[in-house]
């Protein structure tokens, strides 16, 4: 037990000492302080491991293009100002149906990625942000996800949340730069949702989506019917189904958050119309709600090198042991090689 000394002789310095001791104790109980994550973007396909040959040359070129855009374009005050006013990629509802088939050229080995509620932790769950975080109308030097990633984590649970946001951010930066077909399912009506942490001032969620989508013509978005559910409304579902039919995708690769929650809402609703043969969940692209992660679970998921163990996430999805998970979907890891479909096309 620590006693806080408050008499005039010791005063403020003693209080600071006691506070530091309490903080040290809490770190010992919940996990020691860790080195802050690097905010730098890494290739999402090999967990940051070194590549060789043509694959490395290609990855390095993509990374260089991302870094240049992040350093130059997205630091331009005029661009940042514009990033708060509207999305710089298209709403699928605004794409002419006769143009749907043309998007097939962006398929990744005949696959389309659908990301449900990206960065939901940062903008709608993380209690470290007050609900009026943007009320002073200040323009931050970096987006909210980058700021979260750069924070020091004192628990394994917080580290998991940061790593999940980083892995998806890195993937979306690469996928949009490489012009791979991605459909983002954004929380419907999020601006007025009580859980949105940046309701006042600048629209930080919009800025983030604009930064990671890189104004790419291969990235589209739709809104879920509700900010707390991943399912689409009837009209948007019809639009998505028509789009998927026209692009003739062999695989629909699903990521985002949360497993057992909004992601499952979306999966179940789509499955009703197209079945499960083409549906896959990508473990490296999913996130688990902080309410579903215990301290022990977080320790198991973290590898010794401080990264997320995608093998354990894969096993958890297969065993339906993550959160409120009720589905046991097919799995497609980012590292898996392409496979041949029954039609003879590459998957």
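Annotations
- Against the numbered list (1) under 23 Å from the mean Cα position of the chain (by Cα); (2) surrounded by 13 or more Cβ atoms within 10 Å (Cβ to Cβ), residue 75 comes up short only at (2).
- Selection from the stretch 284-294 of residues that are crowded, with 24+ Cβ neighbours inside 10 Å and in a strand (DSSP E or B): 285, 286, 287
- Exclusive hit being under 29 Å from residue 95 (Cα atoms), in contact with a helix residue (DSSP H, G or I) (Cβ under 6 Å, 6 or more places away or on another chain) and surrounded by fewer than 20 Cβ atoms within 10 Å (Cβ to Cβ), set 272, 241, 334: 241
- For the criterion of being over 27 Å from residue 292 (Cα atoms) and surrounded by fewer than 20 Cβ atoms within 10 Å (Cβ to Cβ), residue 139 passes.
- Take the conditions (1) closer than 26 Å to residue 122 by Cα; (2) assigned to a helix (DSSP H, G or I); (3) in contact with a strand residue (DSSP E or B) (Cβ under 9 Å, 6 or more places away or on another chain); (4) in contact (Cβ under 8 Å) with a residue 60 or more places away in the chain; residue 184 misses just one of them, which is (2).
- If you go through the stretch 224-242 and pick out every residue that is closer than 25 Å to residue 284 by Cβ and in contact with a strand residue (DSSP E or B) (Cβ under 8 Å, 6 or more places away or on another chain), you end up with 5.
- Residue in the stretch 300-309 that is part of a helix (DSSP H, G or I) and modelled with pLDDT of 90 or more present: yes
- Of all residues in the stretch 187-234, those being outside any helix (DSSP H, G or I), closer than 17 Å to residue 81 by Cβ and either in contact with a helix residue (DSSP H, G or I) (Cβ under 6 Å, 6 or more places away or on another chain) or modelled with pLDDT of 95 or more (or both) number 3.
- Residue match in the stretch 261-272 (condition: assigned to a loop (DSSP other than H, G, I, E, B) and touching a strand residue (DSSP E or B) at 6+ places or on another chain (Cβ under 8 Å)): no
- The numbered conditions (1) more than 27 Å from residue 260 (Cα to Cα); (2) in contact with a strand residue (DSSP E or B) (Cβ under 8 Å, 6 or more places away or on another chain); (3) at pLDDT 95 or above are all true for residue 102 except (2).
The values are calculated or read from the model by the stated rules, or taken from the named source; none is laboratory data. This one's a predicted model, so the numbers in the text were calculated from it and none came from an experiment. No Cβ is skipped: glycine too gets one built from the backbone with ideal geometry, and neighbour counts run over all protein chains shown.
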